[in-house]
Ligand SMILES: Cc1ncc(COP(=O)(O)O)c(C=O)c1O
């Protein structure tokens, strides 16, 4: 098909200027030339372990019925999530990954010219959410300990702010906030702002001794808020694309419901998530193995003189003596994919996702060669 004439307003200038998804590279498009099956994926904060065997069995069973559309209300999963979180079922919305929910937040709250306050460095999905809607990003640098800066976020809010994103634990720095701090932000925001609390790494935070904010947050009725969680990380279901939102009120939940597509989450993902949720033992073993490998990687980085943020997530961000792009390329040539921080001021930071024990061995040997 011919390219659209350059005078066309479709796509809009905003969309034209945006990057196409697929970057940073995943193992499939690695330039290393190494057999993709042997490449170590330590770049996307995935779990290196398969999901619960019970989830796999449930998904295999669900596959035999995919001639039918999935449950558009995800009833079984919502009932289980409601039971586990203590949150009203009517206020739980399931999404095609928490990515879909982030996009929805932008769609329901933003108009061109609005402002979106985001921690920096943080998850790139927030910048995309602002850009797609013609909103302006207002970055707020994270604290020294890698957690979001509540005072900074509050100072960044103007009468044009429509979304404040908070990530706890934050990706890529891995710092987390206590309930008191989350509440301070929630209570300090005007009701014209949607507070999005992204808890993609919630399970890791709790495992590291962090607080669950939900009971206290439910008491906050002065600002619309929503908490996003995902099955992509601690449950090992990234390839299934399924996450959920715990909403402040019926009105917030309704808004997310209205703008989603009807069958947004496929039946296999729903079945897998439901079974994975019930298998706490499997998830705990993923969390424990993650902790062990994170500590080994942290110790290795410290030996090489690299400063790291004290992360509770399945990743570590570290400052390197060489430019991060060079370190990433050197490791990729050895078949190890890692990430780097794209935020201004963080050019010398890499981000390493924890892998298996063998991944850690290979990573530390490679880092010795590249940075030692
Ligand atoms: C902080 C954060 N939020 C959201 C996501 C998106 O996760 P999902 O796979 O649920 O779309 C990620 C993925 O890396 C993330 O790090």
Relative to 2.2 N^0.38 Å, what does the C-alpha radius of gyration of the stretch 265-319 come to as a ratio? Two decimals please. 1.58
Under the 7 Å Cα-to-Cβ spin-label approximation, residue 160 and residue 136 lie apart by a distance in nanometres of 0.3 nm
Report the paramagnetic label zone for residue 49: residues of the stretch 165-204 whose backbone N is under 15 Å from a point 7 Å from Cα along the Cα-to-Cβ axis. 203-204
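When the helix-only estimate is applied to the chain (DSSP H runs of n ≥ 4, each -39,500 (n - 2.57), divided by the residue count), what is the mean residue ellipticity at 222 nm, nearest 500 deg cm²/dmol? Don't skip to the answer; put the middle values down first.
Values: 14 runs with 145 residues, N = 372.
Result for the chain, helices only: -11500 deg cm²/dmol.
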extent check for the stretch 149-218: Cα max minus min per principal axis, descending, whole Å, gives 37, 26, 17
Taking all pairs of distinct alpha-carbon atoms in the stretch 278-372, Kirkwood radius in angstrom: 13.6 Å
Give me the Å³ per residue figure for the convex hull around the C-alpha atoms of the stretch 123-258. 119 Å³
Return an integer: the convex hull volume of the alpha-carbon atoms of the stretch 16-147, in Å³ per residue. 221 Å³
Only Cα pairs under 8 Å and at least 6 apart count here; give the relative contact order of the chain as a rounded whole percent. 23 percent
Quick one: Cα convex hull volume of the chain, Å³ per residue? 156 Å³
Viscosity 1.567 mPa s, temperature 4 °C, Stokes-Einstein D of the stretch 214-372 from Kirkwood C-alpha radius, µm²/s: 70 µm²/s
Have a look at 165, 228, 49 and tell me which one the Gaussian network model of the chain (Cα, springs below 10 Å) gives the largest fluctuation. 49
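Here, each number is a calculation from the coordinates, and none is a lab measurement. Computed from a predicted structure; not experimentally measured. Positions of Cβ are backbone-derived with ideal geometry, glycine not excepted, and every protein chain shown enters the neighbour counts.
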